[in-house]
Amino acid sequence: MKEAGFWIKVMVSSLFLATAGAMIFLTLFGRSVVPKVHADKSCTVAAAAGTYGFLASGSIAGVGPIAVTGLLTADRTGNLVANETSSINGATSTATLTGTLTVNSDCSLTASFSDDSTLAGVIVDGGREVDFIETFLGALGFTGVAKRVKDSAD
């Protein structure tokens with residue numbers, strides 16, 4: 001009976017030492033064995049360069065419903081050109097807007113345009129799509145989706 005108690009003590013001690021050893025090892029070396037997470041390489045201004053077809057709808061406070069479609073082209077330095085057709089409260093028009101683009105490493109983005117509108121969005125689907133919301137002077141404009149139709153030629 002005394003012999004069984006001895007082996008239980010040995011097993012408990014061994015378990016304690018193995019657990020303590022693992023904790024010390026992980027404390028000292030754990031950071032070097034944990035894989036690092038890297039930002040998506042498609043989330044840069046240069047990687048976002050290309051032409052996108054977009055469709056959006058919503059409303060402008062005090063004005064009425066809005067629907068917009070068109071093509072937006074972004075160059076590798078963050079310059080934008082949007083050729084769009086819009087219907088604002090039933091009146092249809094076309095416009096060409098210019099703007100600038102900023103892309104963050106977490107794939108969020110912002111843009112500002114020559115009509116004083118601003119856009120906030122996120123790059124999804126490996127850079128093939130941008131989901132966005134656009135505002136005019138702080139009032140909700142519209143939400144939409146832009147899909148890449150071709151990569152940048154420059």
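Each reported figure results from applying straightforward, stated rules to the coordinates on display, with no laboratory input. Quick caveat: nothing in here was measured; it's all calculated off a predicted structure. Neighbour counts are summed over all protein chains in view; Cβ atoms, including those assigned to glycine, are modelled from backbone coordinates with ideal geometry.
At a glance:
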quantity: Mean projected area (nm²) of the alpha-carbon convex hull when segment 45-151 is viewed from all directions; calculated: 5.9
quantity: Translational diffusion coefficient (Stokes-Einstein; Kirkwood radius from C-alpha pairs) of segment 65-104 at 20 °C, 1.002 mPa s, in µm²/s; calculated: 193
quantity: Separation in nanometres of the label points that stand 7 Å from Cα toward Cβ, at THR98 and LEU140; calculated: 3.3
quantity: Spacing of the two label points (7 Å from each Cα toward its C-beta) at ASN89 and SER57, in nm; calculated: 1.9
